[in-house]
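Report on the following structure.
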Amino acid sequence: TEFFGEFGTGKSQLAFQLSVNVQLPPEKGGLQGTTLFIDTEGTFVPTRIRSMAEAQGLNPENALQNVYWIRAINSDHQIAIVEGAKDFVQKHGVRLIVVDSVTSLFRSEYPGRENLASRQQKLNLHLHSLLRLAEIYNLAVVVTNQVMATPDMFYGDPTRAVGGNIIGHTPNNRVYLRKSKGQKRIARLVDSSYLEPGEVVFEITTQGIRDPQE
Ligand code: ATP
Ligand code: MG
């Protein structure tokens, strides 16, 4: 699944919440598993995981230990982490892999049109190795992708008009996030291979991602 949207739309917050929720037992919607959290922007916040865990009735310290955080320093490192994750995933009961953000290092290392082809090729291979892990080990993969809103987006379909859509159609589900009033956000499912398109409103609260309180 890809979460894409402008800065501050809650992509990282959703990734943190999922890293906590995956630890819950199945009857509470979890998978009783751990998370491999690949952080490419240095925006992982341990205290946020603790407070989201506490709000879900989990032990905050245990919950944080169940999120295996790794900082990717460049795109080759990011690729290598995923290529080398097989044994780790099995050994540590990983049921969710997060890459937050999957595109930023590629964007900065391969700027401009002249690098477009090599950037796309590398990114596509990377997305496919993530997909392979998902299929072989039956785990969820969530990637984030920051996109800029362009003035065009006020005309026609915004999910088509946003710039920097460089992920293409590899994800099974793409969720477009946009800001609403205050801490409210709108999530629109687009391009799903098995779900109907749809929209929901959610809110970013101190407890975490919640249904909006009116
Ligand atoms: P970027 O593209 O810059 O990475 P993002 O989509 O990842 O942005 P997030 O960092 O997930 O954005 O979301 C930022 C929002 O989350 C802000 O509106 C902020 O107020 C809210 N937020 C962050 N921490 C908390 C918290 N502890 N309690 C309540 N809201 C929070
Ligand atoms: Mg972020």
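Mean residue ellipticity at 222 nm from the helices of the chain, using -39,500 (n - 2.57) per DSSP H segment of n ≥ 4 over the full residue count, to the nearest 500 deg cm²/dmol?
Dividing the helical sum by the residues of the chain leaves -10000 deg cm²/dmol.
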* To do: Please find, in a Gaussian network model of the chain (springs between Cα atoms separated by less than 10 Å), the residue of Val102, Val141, Val45 whose mean-square fluctuation is greatest.
  => Val45
* Asked: When every alpha-carbon pair in the chain is counted, what percent end up more than 23 Å apart?
  -> 46
* Spin-label proximity, Leu125 to region 76-91 - amide N less than 19 Å from point 7 Å beyond Cα toward beta carbon -> 76-86
* To do: Please give the per residue accessible area of the chain, computed with a probe of 1.4 Å over protein heavy atoms only, in Å².
  => 51
* Structure fact -> Between the residues Val94, Gln32, Trp69, the Cα farthest towards the positive end of the dipole of the chain, that dipole coming from +1 and -1 charges on the beta-carbon of Lys, Arg, Asp and Glu, is from Trp69
* **Over region 1-50, relative contact order from alpha-carbon pairs under 8 Å, at least 6 apart, %** => 28
* Tell me which lysines have Cα within less than 30 Å of Lys122's Cα, excluding those fewer than 8 residues away on the same chain? -> Lys11, Lys86, Lys91
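All other residues with a Cβ under 15 Å from the Cβ of Lys179 taken together, and with Lys, Arg as +1 and Asp, Glu as -1, what is their net charge?
Counting the neighbours of Lys179, the net charge comes to +3.
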* To do: For the chain, give the percent of accessible area contributed by carbon and sulfur heavy atoms, probe 1.4 Å, rounded to a whole number.
  => 53
* Structure fact -> If each K or R counts +1 and each D or E counts -1, the residues other than Gln78 whose Cβ falls under 15 Å of its Cβ total -2
* Potential extension, Phe88-Lys184 segment - 0.36 nm per residue separation minus Cα distance -> 30.9 nm
* Structure fact -> Candidates Gln32, Gln13, Gln121; GNM for the chain (alpha-carbon contacts under 10 Å) flags as most fluctuating Gln121
* Ala72's amide H: which non-local residues (gap 5+, or another chain) put their own amide H closer than 5 Å, with H modeled 1.01 Å from N in plane and none for Pro or chain starts? -> Asp39, Thr40
* To do: Show me 92-101, 131-140 ranked by packing, highest mean number of other Cβ atoms within 10 Å first.
  => 92-101, 131-140
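The values are calculated or read from the model by the stated rules, or taken from the named source; none is laboratory data. The structure presented is a predicted model; accordingly, all values stated were derived computationally and were not measured. Virtual Cβ from ideal backbone geometry, glycine too; neighbours counted across all protein chains shown. The protein model used for the area step is the full one, side chains on, heavy atoms only, and it has no ligands, DNA or RNA in it. Shrake-Rupley method; radii C 1.70, N 1.55, O 1.52, S 1.80 Å.
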